[in-house]
Amino acid sequence: MENKYVKYLRNETLPTEFCVGCGCGTVLNLFCHVIDEMQINPDDIITVTGIGCSSWIPSPYFSADTLHTTHGRAIAFATGVKVMKPGKHVIVIAGDGDLAGIGGNHLIHAARRNIGLTVFLVNNYIYGMTGGQVSPTTPSTVNTATTPYGNVEQPMQIAELVAAAGASYVARWTTYHVFHLKKAMKEAISKKGFSFIEICSQCPTSYGKRVGKREGIDQLLDFKENSMNIQNVSGMREDELEGKYIVGKLVERNRLEFVDGLLNINAQFAEGVR
Ligand SMILES: Cc1ncc(C[n+]2csc(CCOP(=O)(O)OP(=O)(O)O)c2C)c(N)n1
Ligand SMILES: [Mg+2]
C-alpha cells in the first residue's frame, strides 16, 4: 500500500535522518496533511529554512522550491522571496535556536512589518543538531552542554513576543496536540499577513535525556499533562504557570500586509498620485 502523502516528500531523501521519537517527523507529517487537505499545489509553495534538525523538515524532505539558508537568516531570505513572489505561499520552518536565537531580530521585525510569511518555529528547547547547547527557550535550571551547572537565563516567551511585535496570527501548540496543531497550521497558511506558530516539540536525543525524559513518548506525556489552554490561564500567577505549556491562539487580527503596502505605493506612482 502506498502512503498517499509520500508524494509530497523527496523520495531520494527517505528514510529521514530524524532520531526515533523526534517531533520533527510529526511536524513534517502534519505539514503534508495540511497541504493535501488545503489542496495547495506544491508548485505554489516556497519553503525557506535555516540550520538545525527542525530546518530539515522543509529541506530536504518536503518536495517544493526551497531555500536552505545560513543559520538564523531564513526570515531575511523569505522576506526577499515574498516581495518578489507575493502570490506564493512562503513558508518558513526552523528551530528555536535558528528563529529565536541567532535570527531573533529578523523574526521580530518581520512580525512588526506584518509581511505575509507563514512561520512554524519548532521549539525543542535546545540546540538539538549540535548536541544540546542552551537555547533562548531552554527553561531555567536545565543543565545543557553549555550550562552544565544550571541555566541562569530566563526563557523567552517567543509566541508572546511575536504577538506583541504585531503579527496577524500567533498560536502555540505541541506535537501532542496533532489535531489542534493541524487546524492552526491551516489557519496560519490562510491568514493574510505574518502568521506564526510555536510548536513545542520533543527532542529525546539532545534535550529529553537532560530532563529525565529519555524517550519521545515521555516528553509527549509531559505536553499532555502540563498543557493549559490560553483561555483558562487569565489571572494565574507566573509561579502557578511554571512548567506549563500555554496552548491555543494568542492573536488573530487584520493589519496592512507589508507587500500590499509596497504595491499600494507603486500603484499611486503609476496613477500619478505621488
Ligand atoms: C553562524 C552559525 N553559528 C552556529 C552554527 C552551528 N549551529 C548549527 S545548528 C545550530 C543550532 C540549531 O538549533 P535549533 O535552531 O533550535 O534547531 P534544532 O537542531 O534544535 O532543531 C547551531 C548553533 C552555524 N551553523 N552557523
Ligand atoms: Mg532547537
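Return the total of residues in segment 101-120 being under 12 Å from the mean Cα position of the chain (by Cα) and either near ligand 2 (Cβ under 9 Å from one of its atoms) or of a type in the set (Phe, Trp, Tyr) (or both). Lay out the reasoning, then the answer.
Of the residues in segment 101-120, the ones under 12 Å from the mean Cα position of the chain (by Cα) are 107, 117-120.
With either near ligand 2 (Cβ under 9 Å from one of its atoms) or of a type in the set (Phe, Trp, Tyr) (or both) added as a condition, the list becomes 120.
The qualifying residues number 1.
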Among (1) more than 25 Å from residue 241 (Cβ to Cβ); (2) within 16 Å of ligand 2 (Cβ to nearest atom); (3) surrounded by 15 or more Cβ atoms within 10 Å (Cβ to Cβ), which single condition is residue 158 missing? (1)
What's the number of the condition residue 222 fails, among (1) in a helix (DSSP H, G or I); (2) touching a residue at least 24 places away in the same chain (Cβ under 8 Å)? (2)
Tally the residues that are assigned to a strand (DSSP E or B) and either more than 8 Å from ligand 1 (Cβ to nearest atom) or under 21 Å from residue 246 (Cα atoms) (or both), restricting the search to segment 123-138. 1
Considering only segment 30-71, how many residues are within 16 Å of ligand 1 (Cβ to nearest atom), free of Cβ contacts under 8 Å to residues at least 40 places away in the same chain and more than 13 Å from the chain's Cα centre (by Cα)? 6
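Conditions (1) surrounded by 14 or more Cβ atoms within 10 Å (Cβ to Cβ); (2) among the charged types (D, E, K, R); (3) farther than 13 Å from residue 201 by Cβ, marked per residue:
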| residue | (1), (2), (3) |
| --- | --- |
| 116 | yes, no, yes |
| 121 | yes, no, no |
| 134 | yes, no, yes |
| 137 | yes, no, no |
| 149 | no, no, yes |
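Values quoted throughout were computed directly from the atomic coordinates according to the rules given, and no laboratory measurement underlies them. Source: prediction; values computed, not measured. Using ideal geometry, Cβ is built from the backbone for each residue, glycine included, and neighbour counts are taken over all protein chains shown.
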